[in-house]
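Working notes, structure below.
The values are calculated or read from the model by the stated rules, or taken from the named source; none is laboratory data. What you see is a predicted model, and the numbers here were worked out from it, not measured in a lab. We place every Cβ from the backbone using ideal geometry, glycine too, and count neighbours over all the protein chains shown. Side chains are part of the model used for accessible areas, which takes the heavy atoms of the whole protein and leaves out ligands, DNA and RNA. Shrake-Rupley method; radii C 1.70, N 1.55, O 1.52, S 1.80 Å.
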Amino acid sequence: MTTAAQSSSPVLCTVKDAVELLRLGRSTVYELMAAGQLPFIKLGRARRIKRADIDAFVDQLQPQSV
């Protein structure tokens, strides 16, 4: 991985960043965090989500059959 690729992707994401990456609603992301499905770090009043945890969350999702 190049240095340029690493710097364009933040290590810690805001909830807003997670909403945009996951294409989910803000409330849904907070619900996933509260349920422990999306781990987060609390720094003061701010919540941050590791980009690796967002990727791991997506990787564990199972396709739904209709």
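Calculate the dipole size of the chain relative to its Cα centre from +1 charges on Lys and Arg beta carbons and -1 charges on Asp and Glu beta carbons; express the result in debye to the nearest 20.
340 debye
Sequence gap at least 6, Cα distance under 8 Å: using those rules, report the relative contact order of the chain to the nearest whole percent.
Relative CO of the chain lands at 32 percent.
Could you give the accessible area per residue of the chain, probe 1.4 Å, as a whole number in Å²? Numbers along the way, then the final one.
Details: 5110 Å² over 66 residues.
Per residue, the chain has 77 Å² of solvent-accessible surface.
Of all accessible surface on segment 18-66 at a 1.4 Å probe, what whole percent is carbon and sulfur?
Reported share for carbon and sulfur atoms: 50 percent.
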